[in-house]
1. Given 122, 193, 17, which one lies farthest toward the positive end of the charge dipole of the chain, if we put +1 on the Cβ of every Lys and Arg and -1 on the Cβ of every Asp and Glu?
2. Return one number: the angle in degrees, 0 to 90 and rounded to the nearest 10, between the long axis of the Cα atoms of helix 42-57 and the longest principal axis of the Cα atoms of the chain.
3. Only Lys, Arg, Asp and Glu count, each charged at its Cβ (+1, +1, -1, -1), so figure out the dipole size of region 47-123 about its Cα centre, rounded to 20 debye.
4. Straight-line reach from residue 263: which aspartates and glutamates have a Cα under 17 Å away, not including same-chain ones fewer than 8 places off?
5. Using helices alone, what [θ] at 222 nm do you get for the chain, with -39,500 (n - 2.57) per DSSP H run of 4 or more residues, divided over all residues and rounded to the nearest 500?
6. Could you tell me what percent of the DSSP beta bridges with both partners in the chain are antiparallel, to the nearest 5?
7. Tell me the net charge near residue 195. Cut-off is 13 Å between Cβ atoms, residue 195 excluded, with +1 for each Lys or Arg and -1 for each Asp or Glu.
8. Please give the length that would be gained between residue 259 and residue 194 if that part of the chain were fully extended, namely 0.36 nm times their separation in residues minus their C-alpha to C-alpha distance (nm, one decimal).
Amino acid sequence: MATELAHLDAAERRVNLVELERDGAVAVVLLNRPQQLNALSDELMEELVAALVELDRDEAVRCIVLGGSERAFAAGADIGVLAQTSPVEAATSERLARWDAIRRIGTPIVAAVSGYCLGGGCELAMLCDVIVASETAQFGQPEINLGVLPGAGGTQRLTRAVGKAVAMDVILSGRYLTAREALDFGLVSRVVAREAWLEEAKRLARAIAEKSPIALRLAKEAVNRAYEGPLQLGVAYERQAFGLALSSEDAQEGMNAFLEKRKPEFRGR
Ligand code: CAA
């Protein structure tokens, strides 16, 4: 741990590497290592996972926005740390568990991506549920330029998101995708004006946060099953999830509200 901390200067150790804001039922988590373009150091990832896990346990939080700065969502794993990582550490360290912990977050996460979204940064955005991209966003897996390859799911998730041809192009050449290309290829679902990158993500998160948290979690997991596994298993999960959602008070409320022509009030019951 001492060596892991060695690359941080004293000032950096005093600041939060992750900033948290609450806006009603929406929590906004911002990576805050601007001098290094939010490179994902162990300390930053530890703070990020701790924040996400805590927010996921908080019933009042219905949606999370995860962003960086205007210049960079995140420029990848911290290359200084990576350069000193042994193969055994890479295969066994706490780092892998952190990525898995983010996948297990049940609360929907909207990634607000402005600027560089590279390497581990792109892998982090792909672990989120919706990506809102600024027109300035640049997505890439440039690990090949370092003599390695994506190590936090990039070869798998990018391929599933954009297909083999584009994934091979991006991963083998190290080239970046513009926000427009990312939209055309299906990596992101919305591209917004430069200055609106965070506000538009928050607006989407507020809309999501109004839905039933039970249905949201089940729907998130069901879509992830489509992304991660075979169709028939995903369909079987969806059937069970649908029955479970249907048995919730929120489903009664949602359907009654529709029939009574009023806005539903979902309580997560
Ligand atoms: N790790 C550590 N530091 C990084 C970093 C990273 N991934 N990316 C940027 N920085 C640092 C730079 O070293 C620089 O620090 P100093 O000011 O102390 O020199 C600072 O952030 C600003 O960066 P630049 O001066 O390079 O800024 P730029 O605007 O000229 O270039 C950039 C921006 C194109 C993003 C360039 O910084 C870059 O190519 N970064 C590396 C991107 C990369 O290769 N990411 C993949 C990392 S490996 C990985 O992620 C493995 C995995 O799958 C988990």
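Just so it is clear, none of the values below were taken in a lab; they were calculated from the coordinates. What you are looking at is a predicted structure, and each value in this text was computed from that prediction instead of being measured. Heads up, the Cβs are rebuilt from the backbone with ideal geometry, glycines too, and the neighbour counts pull from every protein chain shown.
1. Checked the options; the winner is 193.
2. So the inclination is approximately 10 degrees.
3. 160
4. Straight-line reach from residue 263, under 17 Å: 210, 249, 250, 253.
5. Result for the chain, helices only: -14500 deg cm²/dmol.
6. That works out to approximately 25 percent antiparallel.
7. Around residue 195, the charge tally is -3.
8. Full-extension gain reported as 19.3 nm.
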